[in-house]
1. Looking at (1) modelled with pLDDT of 85 or more; (2) surrounded by 17 or more Cβ atoms within 10 Å (Cβ to Cβ); (3) over 25 Å from B:Phe115 (Cα atoms), can you tell me which one C:Leu88 breaks?
2. Test B:Val97 against the stated conditions and say whether it is within 13 Å of chain C (Cβ to nearest Cβ), surrounded by 16 or more Cβ atoms within 10 Å (Cβ to Cβ) and in a loop (DSSP other than H, G, I, E, B).
3. Looking at this structure, is B:Ser118 in contact (Cβ under 8 Å) with a residue 12 or more places away in the chain and touching a Gly at 6+ places or on another chain (Cβ under 9 Å)?
4. Could you tell me which of the residues A:Leu118, A:Leu98, A:Leu89 is closer than 29 Å to B:Phe208 by Cα and touching a helix residue (DSSP H, G or I) at 6+ places or on another chain (Cβ under 8 Å)?
5. If C:Leu88 meets every condition in (1) without any contact (Cβ under 8 Å) to a residue 60 or more places away in the chain; (2) within 11 Å of the chain's Cα centre (by Cα) apart from one, which number is that one?
6. Provide a single number: the residues in segment B:26-51 that are of a type outside the set (Ser, Thr, Tyr) and either closer than 14 Å to B:Leu119 by Cα or not in a strand (DSSP E or B) (or both).
7. What number of residues within segment A:6-38 satisfy the criterion of being polar (S, T, N, Q), within 12 Å of chain B (Cβ to nearest Cβ) and surrounded by fewer than 18 Cβ atoms within 10 Å (Cβ to Cβ)?
8. Return a yes/no flag: does segment B:148-162 have any residue that is surrounded by fewer than 18 Cβ atoms within 10 Å (Cβ to Cβ), in a helix (DSSP H, G or I) and over 19 Å from the mean Cα position of the chain (by Cα).
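The values are calculated or read from the model by the stated rules, or taken from the named source; none is laboratory data. Source: prediction; values computed, not measured. Heads up, the Cβs are rebuilt from the backbone with ideal geometry, glycines too, and the neighbour counts pull from every protein chain shown.
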Amino acid sequence: MSDPVNDLLVSLRDKVMGVNESVLATSDGLVVTSDVSKTHAESMAAVAAATLSLGNRLADQGSTGTLREISAQCSTGHVIVTAVGNRALLAVVADDGLDQAAFRREIPATVTELRRHLDKDVAS
Amino acid sequence: MIDESTEPGTGSRNIPALLAELRSRKQSRTVRLTGSPGGTLHLRDGLVVAMETPAAPNVESLLLKSGRITEEAWSAVCAADTTHDRLAEELVAQELVGGGELEIISLSALFDAAFALSLSRPDGWEVTDPVPVLYRNPGITPERLVAEISRRTELLADRPGSVAEFARTRMQLAAPAQLPGAVGALPARLQDVLTNTDGRRTPRDIAFALGRGLFAVMLDLRRLLALGLVQSSAPVAPQRPSTATRTPSAPVPAPPAAVPLPRRLPGRNTPAPTGTPSETP
Amino acid sequence: MSSLDVALGDALKTQGIGGAALLDAVTGLSYGELGDVSGSQDACEIADIARTRLHQAGAEGDLESVIVTTATRHLVTLQVSRTGDPLLLCATVDRNRTNITWALRDLARHADDLLR
């Protein structure tokens, strides 16, 4: 049986060239689900949560509104952390060939779908 | 004027026409292709000098990922040349990479991107003023590009299924029992491809991981396929949820009603009706 | 003028070498050619067959060269190692104007210069 939330992560990897791994975590750094092979999901969840919370404070300091995402551009790839509502986040590991246009196109829908599933979780 | 109102079906056939036109007018331009994936073509005096696409490693990827140039050296050169216009000269002048070597990498990245882009149809394109790009070659004619793409496609065409499909297929190792003896005798290059074959990566992903060309990796994978060392990974279940919809509450399919299983009656070839309409013709 | 064409031009100044081409040993892409290169068309495939057969015959180490000889000429294919996929330097050598040992020695020297 496949988990529909995990399927969303796999689907993102299928649709966007360059996306290699992803971790869905709670805002306090616990793994919800992951699509990884080399990344240590628990560590990524913890660091991504800490980064996102620092990012929120950055946004406060800069008075630049609500934080949407934080991206680390590295020599041979990217790590992109996106908020999924207030309670969760999505950390995506991509290689240096990431199809940015496709990522921009797919991420809002993925985040919306993830929120839909997670909101249901909370309600029940 | 360049006609941009082409039908989507004939779009890819018109890129060579566009290049031929830019060539006859000896123009220096940047052509941005939109699509999945898109790409960027760089022309100088009508000749193609560089192409970039998410579907194949670019010169920077090849230089850095393969370990030819260290991260520190790269940063230093980029800092010295903020416009990236003279990046190639700077790399050679500082003896970080040989002139001939950089020319080889520049050409291999150019033809590899052209091959990768030929595997999908662009949605459209936009011709803009030239932007700086890292290249070191005298420029390639559109005819030579087209000829090389056909040569590559033909070389891979002996495999069942399309070349484009192969480029997107996730590859996995064959049953481990078959591996040991054969692997040791393989060249190091093929062994590297094997270690990067994990059931998740497509040929394109393996090319990025190794800092090698997409086409070269596909040729190596074809050989490993023929040796029975790798196989295509089972396709992802088609039942995954669509992320296209943005409606907040798509109806959840109701659990199937408790319908009794179809039962085979003696002396009949078709299942007995159970009250639900049969889906088989 | 490209660095590769200049380097290939130097190779052609050698006595008896009538044409030279630099190919990618894996993809077969031609990076540069000068003079009579009709013999280098299938060099990639020929080198590949030689490499595979030698390995099957138990030879160790990588391919260094393939020499095909006709009544009037040698077609010499030299494998050039580098970081990344190897290259093939193919040359047409006139048998009447030089001998294969000299030609090989000169070509090996030019192969080193190519990537500079």
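1. Status for C:Leu88: all satisfied but (3).
2. Spelling it out, B:Val97 is indeed within 13 Å of chain C (Cβ to nearest Cβ), surrounded by 16 or more Cβ atoms within 10 Å (Cβ to Cβ) and in a loop (DSSP other than H, G, I, E, B).
3. No, not satisfied.
4. A:Leu89
5. All conditions pass for C:Leu88, except number (1).
6. The number of residues fulfilling the criteria is 9.
7. Counting residues in segment A:6-38 that are polar (S, T, N, Q), within 12 Å of chain B (Cβ to nearest Cβ) and surrounded by fewer than 18 Cβ atoms within 10 Å (Cβ to Cβ) gives 2.
8. Looking for residues that are surrounded by fewer than 18 Cβ atoms within 10 Å (Cβ to Cβ), in a helix (DSSP H, G or I) and over 19 Å from the mean Cα position of the chain (by Cα), one finds none in segment B:148-162, hence no.
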